[in-house]
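Read-outs throughout are calculated quantities, based only on the coordinates presented, and are distinct from any laboratory measurement. Nothing here was measured: the structure is a model prediction, and the numbers come from that model. Don't worry about glycine lacking a Cβ; one is built from the backbone with ideal geometry, like all the others, and counts go over all protein chains shown.
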Amino acid sequence: MAKSKFKYNPDTVSYEKVDNSFVQKTKRLIPHFIGSLFFGIILVIVFFYFIDSPKEKELKREKQEILANYQVLNKELDEITGVLKDIQYRDDNIYRTIFEAEPISKDVRKAGFGGVDSYQSLRHLDQKEIVANTTQRFDIISKQLYIQSKSFDEVADLAKTKDQMIKRIPSILPIKSSQIKRIGPFGMRKHPIYGIWKLHEGTDLTARKGTEIHATGDGVIEKIKSSKRGYGNQIVINHGFGYKTRYAHLSKFLVKEGQKVKRGEIIGLVGNTGLSTGPHLHYEVRKNGRAIDPINFYFEDLTPAQYDEMIKQSTQPGGQSLD
Ligand SMILES: [Zn+2]
C-alpha cells in the first residue's frame, strides 16, 4: 500500500494530501519532456547543418583533393599544349618548308575543335565543368598529336627521297661561266625581233657557236626537236619533282630522247637556230609548268659575289635578250 504524502499550504493554513498518482506524475513531467524534445531537435539541426560528421569531413577532403588534382592536370596540359604548338610551328615553317611540302592548314591542326582552352579559362567553372573540360582538352591534344605524327611520317618519307631531289634539281650554269659572254634577262622585255613587250621565259647565255651545253641536273631527255622557227633545235630534260629544263637554239644534239643524263653531262652545242639574233643558249627552268628565273638555280656554280654580279648583269636596264 502506497503511503500518502502531505504538503503544507500557507493559504489554507493546513496540510493537504499530495495527489501522487501515476497520471498526476505524468502530467507534471510533460512540460519537461516537451522542453527536452525541443532542445534535442535544435541540437540535431545544429549538428547536421553546422558540424560535419567524420564521414562528411572525409568526403569533403577527397573532393578538394580531386579538384586540386584537376587543377594541377590542367596546368600540365597548358605546358603540353605549349610544347605541341612549338612543334607544329617548326613542322610547318622548317621541316615541311625544307622538303617543299604545303604547311598543314589551321583547320586540320585544330582537329575539329575550336581551339584549346587554357587552365586560366577553367578557373571559374564548377567541379563538373572542370572535369568535362579537362576530358575535352585531352581529346583535342591526342587528336592533334595524331595529326602531327602523320605529318612527321610524311616528312620522313620526303627526307628519304631528298637525296634524289638534290641530284635532280637544276643547280649549275648550263655553260661554263668562263665561256659566257653575256647574260640576257628573264621576264617582261621588248622582243628583239617583233619589238613588242613579251614575257621572256628563260635567260639567254651568249657564247660562241659550238660551246658545250651541260645538263643542269640529273634527269631524262624528254624531248629533242628540230625546227627552223621559235626555239630552233631544242632539248627538254625532265628532272622529276615537277622540274624541267629547256635548252634552245642548239647547233647540235649530243643525246637521244629517253636517255638518262647526269648533272654536268654534255647534251649539245650552242647555235643560232630558230628565232635567234645571234649564237646563244636560251635556257629555261620550269616548276610544274611555270617558268622561273633560272638565276635561282645556279647555286652550285657561283660564289655569292659572282651570283651578285650575275643578278646585276641580268637585271640591267636595257639588257637585251636574243630569244
Ligand atoms: Zn631567249
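The tail of the calculated P(r) for the stretch 177-314, taken as Cα-Cα distances beyond 20 Å, holds 44 percent of the pairs.
Taking the Cα centre of the chain as origin and assigning +1 to Lys and Arg Cβ atoms and -1 to Asp and Glu Cβ atoms, the resulting dipole is close to 580 debye.
Applying the Karplus relation 6.51 cos²θ - 1.76 cosθ + 1.60 with θ = phi - 60° to the stretch 190-206 yields 3J(HN,Hα) values of 6, 5, x, 10, 7, x, 9, 6, 8, 6, 8, 8, x, 10, 9, 9, 6 Hz, where x marks Gly and Pro. Distance between the 7 Å Cα→Cβ label points at V83 and K190: 6.5 nm.
A protection proxy built from the mean count of other Cβ atoms within 10 Å ranks the segments 73-84, 7-18, most packed first, as 73-84, 7-18.
Stretching Q164 away from S178 to a fully extended chain increases their span by 2.2 nm, per 0.36 nm per residue minus the current alpha-carbon distance. The fraction of all Cα pairs in the stretch 185-224 landing in successive 5 Å bins from 0 to the largest distance is 6, 16, 16, 18, 21, 17, 7, 1, given as whole percents. Phi angles across the stretch 167-174 convert, under the Karplus curve 6.51 cos²θ - 1.76 cosθ + 1.60 with θ = phi - 60°, into 3J(HN,Hα) values of 6, 8, 5, x, 8, 10, 6, x Hz, Gly and Pro given as x.
Going by how many other beta carbons lie within 10 Å of each one, how would you line up F99, F299, F6, fewest first? Walk me through the intermediate numbers first.
Numbers: F99 16, F299 13, F6 10.
Least crowded to most crowded, the residues run F6, F299, F99.
Relative protection proxy for 144-152, 33-41, from highest mean packing down: 144-152, 33-41 (other beta-carbon atoms within 10 angstrom). P(r) tail, the stretch 77-168: Cα-Cα pairs separated by more than 18 Å, 52% of all pairs.
With each run of n ≥ 4 DSSP H residues scored as -39500 (n - 2.57), what mean residue ellipticity at 222 nm is computed for the chain after dividing by its residue count and rounding to the nearest 500 deg cm²/dmol?
Details: 6 runs with 127 residues, N = 323.
Taking each H run of at least 4 residues, the total per residue is -13500 deg cm²/dmol.
Using a simple spin-label model with pseudo-atoms 7 Å out from Cα toward Cβ, S36 and F99 lie 8.7 nm apart. Computed from backbone phi, the HN-Hα couplings of the stretch 269-278 come to 10, 4, x, 9, 7, x, 7, 9, 9, x Hz, rounded to whole numbers (Karplus: 6.51 cos²θ - 1.76 cosθ + 1.60, θ = phi - 60°; Gly and Pro given as x). Taking every C-alpha pair closer than 8 Å and separated by at least 6 residues, the mean separation divided by the residue count of the stretch 177-314 gives a relative contact order of 27 percent.
Comparing Cα centroids, the stretch 1-76 and the stretch 184-244 end up 108 angstrom apart.
Mind checking the full-extension length gain between S171 and E300? Use 0.36 nm per residue of separation minus the Cα-Cα distance, one decimal, nm. Each step should come with its number before you reach the end.
On the way: separation 129, 0.36 × 129 = 46.44 nm, distance 0.56 nm.
Contour length minus Cα-Cα distance gives 45.9 nm.
The ranking of D107, D204 from fewest to most other beta carbons within 10 Å of each one's beta carbon is D107, D204.
Taken over the alpha carbons of the chain as equal point scatterers, the Debye sum produces base-10 log I(q)/I(0) values at 0.08, 0.11, 0.13 Å⁻¹ of -0.65, -0.85, -0.99.
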